[in-house]
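Every number here is computed from the coordinates shown, using simple stated rules; none is lab data. Only a predicted model underlies this, so the values are computations on that prediction, with no experimental measurement involved. Cβ: placed from backbone, ideal geometry, glycine included. Neighbour counts: every protein chain shown.
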Amino acid sequence: MSEGSGGRPLGPWLTAATNLAPAVIGSAPILWLSTVPDATLAPQHVLGLAASAALLTIAVQLLGVVCVGWRWTCFLLAVAWLTFWSFHPLVLVVVLALSGWFALRARENLELIPVFAGAVALWIGVPPLAHELWAALEEVKHPLPSILEVGEAEPRNIYWIVLDGYGREDVLLSRYKAEPVLAAGLRERGFFVAAGGRADYAQTALAMASMLNVARVEELLDPLPATASRQPLRRLVRNNRVIPTLRSAGYRVETNRVEYSMLNLLPDSTHSALPRFTEFEHAMIRLTPLEWLGDLFASESGALSHSLRRAYLKQTFDYLAAAPKPTQPTFTFVHIISPHPPFVFNRDGTPRPAVIPYMKGDGSHWHAHHEHTGASYIEGYREMALWTGYRTLEVVDHLQNTDPEGIIVIHSDHGGGHSLDWDSRHQPDVIDRMAILNALFLPGQDESALRDDLTPIGSMRVVLNHVLSSNLGSGPLPSTFSTWFEPYHFIDVTSQLQPIESTEGHVPTVP
Ligand SMILES: [Zn+2]
């Protein structure tokens, strides 16, 4: 490989560069994915990168032997590979134009094509990747939270269901004109529903990292990171203290196959027939022509990704609504990205066609992508919230029938995002984002001591105090907002989240 098959001999540096080029180009798509807004480096990214690089390297070697010679092979493969992974029309045009120009002008130096493409890939992908790696290394300095002390355990099955983005009943009614069917239905079924339920944080990663460690992020990360990296939160989720504590008390852990890669809790078992499909795989599909090909045969945008999302949501609810009672004490953790966008179901469970390609963003990110489409956040959210509510009640009926002693917690991490501005520390209507559903079913326990302004950390305290005789307190917790790019700059908004007495003057106009 030190010389091309037909051209002049290469210098040692160029030889090294050309030999490395296939691996660099092979890893390009994965490197690009590290620019996904809230992505954090995870093992599957590194595996994907290695697999992709190895695949292209092997392909170049094999084709070089049987085909037209190494230079042409490398050139053609580089173009094909970049074309496949660059399925944005603009990138495609640039790749093809540059490749054509090189092919015509630099026939003796075709190896420069992959070297050039590799350099572009590195230029795009390495800074964010290096940033995440650096953040991960920095993180090692932080000690992990220690396991909680437990008293006498009374293991009972715990069903912990997080409905991502499900707002509080008064806000659903006043901001989204959505009947609070879920809160009302849960009360009918004996749940305590916090009338003034509040989020601990405005973002999923912060909310889950704190709830699974039964402490505020400010206590868990001291000093707080100065960057916007979510890597420290991934580490807190992965090494959380609730799960080892429960395991030490004889519990096993079961989860659904979560769509948010941050929330891999390393369970003992996962109930899902579908392969893993997180924001990472969604982003990967969008780089290829697969999404575009799917759209040729469908009446919506991003049909492939949206269909997968529907299948995931449906499968999770279907499973829970018929799940067998566990044979040993089990902590069942389920995270469902609903009613969070994309809004893919109407209230009756019929598919709600998407008008833009798959996009998980909420709040101002959602609005920016839906400009000029005529789509209504309020309407989409309302339909999705109603569907989520009906399906959740189905699950509750089944769980209460099969396991009447089981503890059920149903809460959200944060509320809706219609008025959410990700870039502003001052939210126009912060109650929309920060008032949440928080409901507990604790058979046999006196609920009069439960706080009406319960947050998810508070719910975890209540449950652990109940089943493990822990002593985690029950005092008030603050609710803090933070922006997308300053996730650790916390602004206390607790006083703005009182239940809305009257909905007059707040009812939005729904098209
Ligand atoms: Zn969320």
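The dipole here belongs to segment 242-327: it is taken about the Cα centre, uses +1 on the Cβ of Lys and Arg and -1 on the Cβ of Asp and Glu, and is about 340 debye.
In loop segments of segment 261-313 as defined by DSSP, the trypsin sites (Lys or Arg not before Pro) with at most 16 further C-beta atoms inside 10 Å of their C-beta are Arg276. Highest-first packing order for the peptide set 383-390, 337-344, 321-328, 348-355 is 337-344, 383-390, 348-355, 321-328, based on the mean count of other beta carbon atoms within 10 Å.
Counted by neighbouring Cβ atoms within 10 Å, the residues Val79, Val93 run from fewest to most as Val93, Val79.
Please list, or write none, the aspartates and glutamates whose alpha carbon is within less than 15 Å of the alpha carbon of Lys177, excluding same-chain residues fewer than 8 places away. By straight Cα distance, Lys177 reaches Glu169, Glu379, Glu383, Asp432, Glu504. Taking Cα centre as origin and charging only the Cβ of basic (Lys, Arg, +1) and acidic (Asp, Glu, -1) residues, the dipole magnitude of segment 223-287 rounds to 220 debye. Applying a DSSP loop filter and a limit of 13 other Cβ atoms within 10 Å to the trypsin sites (Lys or Arg not before Pro) in segment 387-451 leaves Arg425. Residues Val181, Val237, ranked from the fewest to the most other C-beta atoms within 10 Å, line up as Val181, Val237. Only Cα pairs under 8 Å and 6+ residues apart enter the sum, and on that basis the relative contact order of segment 382-511 stands at 20 percent.
Computed from phi, the 3J(HN,Hα) profile of segment 361-369 under the Karplus parametrisation 6.51, -1.76, 1.60 (θ = phi - 60°) reads x, 10, x, 4, 5, 4, 4, 4, 7 Hz, with x in place of Gly and Pro. Note on Lys314: aspartates and glutamates with a C-alpha under 14 Å away, same-chain residues under 8 apart excluded, are Glu259, Asp348, Glu394. Selection among Gly197, Thr245, Trp160 by position relative to the dipole of segment 134-283 gives Trp160 as farthest towards the positive end (Cβ unit charges, Cα centre). Counting neighbouring Cβ atoms within 10 Å and putting the fewest first, the residues Ser146, Ser479, Ser248 line up as Ser146, Ser248, Ser479. Once backbone amide H atoms are built at 1.01 Å from N, Phe277 has no partners under 5 Å, excluding neighbours fewer than 5 places away on the same chain. Computed about the Cα centre, the dipole magnitude for segment 307-402 is approximately 180 debye when only Lys and Arg (+1) and Asp and Glu (-1) carry charge, each at its Cβ.
Given their separation in residues at 0.36 nm each and the Cα-Cα distance between them, Ala368 and Leu274 gain 30.7 nm when the chain is fully extended.
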